[in-house]
Each structure stands twice: as C-alpha cells, then as structure tokens.
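Engineer: Dropping a structure here in structure tokens format, bear with me for questions.
The values are calculated or read from the model by the stated rules, or taken from the named source; none is laboratory data. None of the values given here were measured: they were computed from a predicted structure. Cβ placement follows ideal geometry from the backbone for every residue including glycine, while neighbour counts extend to all protein chains displayed. Ligands, DNA and RNA are stripped out before the accessible areas are found, and what is left, the full protein with its side chains, is counted by its heavy atoms. Shrake-Rupley method; radii C 1.70, N 1.55, O 1.52, S 1.80 Å.
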Amino acid sequence: MKQNTFWQFTVLLLLFLLASCGNKTQNTEETGRAGQVQQRNLVQIMELQPSTFTKQLAGNGKLMALQKAGLRFRISGEIEQLPVSNGLRIAPGQLIAALNDTEYSHRLQQARLGLQRAQLELHDVLIGMGFTPGDSLSVPPDKMELAKIRSGYTNASLDFATAQRNLNDCRLIAPFAGVVANIAQKVHEQTGGQAFCTLIDDSKFEVVFQLMENELKEVQKGNEVKVLPYASDAVYAGHIVEINPVVDNNGLVKVKALVNNTGQLMEGMNVRVLVEKEVPKQYVVPKSAVVLRDNWEVLFKVTNGKAYWNYVQTVHENSSSYAVIPHPEKSTATLNPGDTIIVSGNLNLAHESEITF
C-alpha cells in the first residue's frame, strides 16, 4: 500500500513538472514574438517630389511710427482740462488738454486796450504830419511806418498778437490723428518745459533690420517681407523701402521695411522680419526628416519595410524645412522622385531598422 502511494505521488509530481515546463515555453515564445513586434519602429513618411522652396532671410528690428510728435505747451500754467488718456485714439484738431486761461485772457484784454490807445495816437501823429488819418492810401509807406513807430502802434500790435497767441496756446490740440501716449501729468498740476504727451500715428510703421552683405543679392527695394512680433503669433505683410548702401565693420547692411498696422502693432515693439524668395525644383523635407549619424546629415528612405541611411546635404533652410540634395561626397547617396522618406520617428533608427507606419 505504501509502495502504491509512493508511485502515485511520483507520477503526479512528474505531470506537474511537465506542465510547468510547457507554460514556461509558451510564455517564452509569446515574449519573443512581442519583442519582435516591438522592434518594428513606428514612423511617419512622405513621398519625395520636386517642389518650390521658400527661402527665408531673417533679421530683427524695432517698430518706429512714420509720424510721431512730442507735444508740449508753449506757455506755463495750471492744467484745467485733460479729456484724454494714454492709449486713446484721437482725431486731428481734437483737444488734448487745456490750461487755466484766466491770466492770459486778462493780458489779452490789456493788450487790446493798449492797441486802441495806440490807434488814437497814430491818428494824431498822422494829422501832425499833414495827412488825413482816414485816407491811408494817401500816406507814403515810409511815412506810415514812421508814424506807427512814433505813436507806439507797432509795439502795441506786437503785444496784442503775443497775448492772442498765448491765449490760444492754453489749448493743446492734436495736429494729426493718432494714439496718445506718455501723459505723466494730472489736472491742477503745473506744466513745465517738458513734453506733455506723445502723439503716435500707428497706421504705418517702419522697421530697420540687418542682413549679411552676402545676402544682399537676394533682396531689392519692393520685395515683400513678413513681420512677426515677438509679443504675439500674428504675421503682418510689409515691403522693403530702403537699402542703406554701407556695409559696417561686422559685414552687415541696414534694410528698412514699411508695414501697415492691421492689428495690434505698437511703437517700439520688437519684431522678427523675414524676406522670402521662392526657389523652384527643390527636394523639400521637414526639418525633422534630417538627422545626424556620425556627424553626417542623413535621410532615412523606406524600402521593403526597412529604413536605410541616405546621406544628404542641406542647400537651403527656412523656419520649418530644408531643401536637400544627395551628398556629393557619398557615391551611394541618391534622391529620386517618388522615394519614401521618413519624417518622424527617426531619431533612434539604425541602418536597416524594421519600421511600420
């Protein structure tokens, strides 16, 4: 009985061991198959065809309004009215600020009275010279000028004109349409000799940027540009209006462009300027398609589900793309219309890596 029990136990143990070995073999096979699937790299591809490449020359600049003026009162006084504020858009002839004009109105009245007294005195002088005051045409110009000086009429006229101008200068008026900026004073404060505000015509801006002298052959007056403010993602269209005919010590040339403000451009804003030129019949690929292998630029071409190195040379570059050619120092490098090129998922690929897409 004990012997039978021993053999039954032995048989069960052998069956258990055989089952365990079978499960391990199955798990190993499944793991191996999973590893083979994982070795296929997921990529994105494109078909290579000749197309037009947009070449970009880039420079940095600062926007400057075509028309800008620092406005100031010609006289001193207490600010009585201030109907505008910084950032407000105003029309030509609109009131920006006004001073208390009580004193200047009084001076004008005094000057008017002084002019009237001088007119009476002028009549007396002309009569004394033998002329009829009411008949000014009968008085020779030199005699009339002498009579005005003797009577004080000339000085009184100047005083009246000055008083009238000072009264008018109590009102600061916009000379052109624009946006008000840099107001630093408030009502009841005294004005000084400094600028009261800045008026900016922000309908158009000019921007000066620099290009390398070897890039000048690519640009000329009238070329279109793109202006990209660093403060936003907006793009504004402009054109080149001036190329300064001087190369500085760093080999740079100043170029000026004009841009219409169709959005939120502001005086002094820092921008990036792109000059674009189209180059036809180029192999254009995204920048992500070109990677480095052993310090050589490489594109991966797809053949029969595998990725193969193909040495290339970039001949043009813009913000998003390269124009490439087969590398002239690599005899095996080729690029042909219809080639399938990997554009994403290529960073860790090796030559002849299996891929899927």
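Engineer: Here is a list: 242, 215, 189. Which entry is over 30 Å from residue 173 (Cα atoms), touching a residue at least 40 places away in the same chain (Cβ under 8 Å) and among the acidic types (Asp, Glu)?
Structural biologist: Result of the check over 242, 215, 189: 215.
Engineer: Further, regarding this structure: Can you say whether residue 137 is open to solvent by less than 80 Å² (accessible area, probe 1.4 Å) and not polar (S, T, N, Q), as far as the supplied structure shows? Please lay out each step first, then the result.
Structural biologist: Values: open to solvent by less than 80 Å² (accessible area, probe 1.4 Å): no; not polar (S, T, N, Q): yes.
In short, no.
Engineer: Output the qualifying pairs, or none if there are none: Cβ atoms under 8 angstrom, residues six or more apart or on different chains, first residue in the stretch 221-236 and free of Cβ contacts under 8 Å to residues at least 24 places away in the same chain, second residue open to solvent by 40 Å² or more (accessible area, probe 1.4 Å) and basic (Lys, Arg).
Structural biologist: Sorted first by the residue in the stretch 221-236, then by its partner, the pairs are 235/226.
Engineer: So the check is Cβ under 7 Å with 6+ separation or different chains; which pairs have a first residue in the stretch 276-289 that's part of a helix (DSSP H, G or I) and a second one that's β-branched (Val, Ile, Thr) and open to solvent by less than 60 Å² (accessible area, probe 1.4 Å)?
Structural biologist: The qualifying pairs are 288/343; 289/341; 289/342; 289/343.
Engineer: Hey, residue 319 hits all of (1) part of a loop (DSSP other than H, G, I, E, B); (2) open to solvent by 40 Å² or more (accessible area, probe 1.4 Å); (3) within 30 Å of residue 63 (Cβ to Cβ); (4) touching a Phe, Trp or Tyr at 6+ places or on another chain (Cβ under 8 Å) but one; which does it fall short on?
Structural biologist: (4)
Engineer: Checking residue 84 against (1) farther than 29 Å from residue 276 by Cβ; (2) at pLDDT 95 or above; (3) not in a loop (DSSP other than H, G, I, E, B): exactly one of these is not met. Which one?
Structural biologist: Exception for residue 84: condition (3).
Engineer: Might you let me know whether the stretch 62-78 holds any residue that is in a helix (DSSP H, G or I), in contact with a Phe, Trp or Tyr (Cβ under 7 Å, 6 or more places away or on another chain) and open to solvent by 60 Å² or more (accessible area, probe 1.4 Å)?
Structural biologist: No, the stretch 62-78 contains no residue that is in a helix (DSSP H, G or I), in contact with a Phe, Trp or Tyr (Cβ under 7 Å, 6 or more places away or on another chain) and open to solvent by 60 Å² or more (accessible area, probe 1.4 Å).
Engineer: Something else now. Can you pull out every residue in the stretch 140-158 that is within 28 Å of residue 75 (Cβ to Cβ), open to solvent by less than 90 Å² (accessible area, probe 1.4 Å) and in a helix (DSSP H, G or I)?
Structural biologist: 148, 153, 154, 156, 157
Engineer: Looking only at the stretch 189-221, how many residues end up being of a type in the set (A, V, I, L, M) and within 28 Å of residue 72 (Cα to Cα)? Can you show your working first?
Structural biologist: So in the stretch 189-221, the residues of a type in the set (A, V, I, L, M) come out as 195, 199-200, 207-208, 211-212, 216, 219.
With within 28 Å of residue 72 (Cα to Cα) added as a condition, the list becomes 195, 199-200, 207.
Number satisfying all stated conditions: 4.
Engineer: Related question: Look through the stretch 151-177, keep the residues that are over 46 Å from the mean Cα position of the chain (by Cα) and among the hydrophobic types (A, V, I, L, M, F, W, C), and return whichever of them is nearest to residue 121 (Cα to Cα).
Structural biologist: Checked the stretch 151-177; the qualifying residue nearest to residue 121 (Cα to Cα) is 156.
Engineer: How many residues does the stretch 231-240 contain that are within 20 Å of residue 221 (Cα to Cα), open to solvent by less than 60 Å² (accessible area, probe 1.4 Å) and of a type outside the set (A, V, I, L, M, F, W, C)?
Structural biologist: Total meeting the criteria: 2.
Engineer: While we're looking at this one, here's another question. For the stretch 249-266, name all the residues that are touching a residue at least 12 places away in the same chain (Cβ under 8 Å) and open to solvent by 60 Å² or more (accessible area, probe 1.4 Å).
Structural biologist: 254, 260, 262, 264, 266
Engineer: Does residue 102 fit the bill of being among the hydroxyl-bearing types (Ser, Thr, Tyr) and free of Cβ contacts under 8 Å to residues at least 12 places away in the same chain? So that I can check it myself, show each step before the final result.
Structural biologist: Working: among the hydroxyl-bearing types (Ser, Thr, Tyr): yes; free of Cβ contacts under 8 Å to residues at least 12 places away in the same chain: yes.
It is true that residue 102 is among the hydroxyl-bearing types (Ser, Thr, Tyr) and free of Cβ contacts under 8 Å to residues at least 12 places away in the same chain.
Engineer: Could you identify the single residue in 54, 132 that is of a type in the set (S, T, N, Q) and without any contact (Cβ under 8 Å) to a residue 12 or more places away in the chain? Lay out the reasoning, then the answer.
Structural biologist: Working: 54 fails: without any contact (Cβ under 8 Å) to a residue 12 or more places away in the chain.
From the options 54, 132, the qualifying one is 132.
Here's the yes/no breakdown for (1) surrounded by 14 or more Cβ atoms within 10 Å (Cβ to Cβ); (2) in contact with a Ser or Thr (Cβ under 9 Å, 6 or more places away or on another chain); (3) assigned to a loop (DSSP other than H, G, I, E, B):
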site: 160; (1), (2), (3): yes, no, no
site: 222; (1), (2), (3): no, no, yes
site: 227; (1), (2), (3): yes, no, no
site: 242; (1), (2), (3): no, no, no
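Engineer: Another question, then. Tell me the residue from 183, 173 that is among the hydrophobic types (A, V, I, L, M, F, W, C), within 22 Å of residue 68 (Cα to Cα), open to solvent by less than 60 Å² (accessible area, probe 1.4 Å) and in contact (Cβ under 8 Å) with a residue 40 or more places away in the chain, please.
Structural biologist: 183
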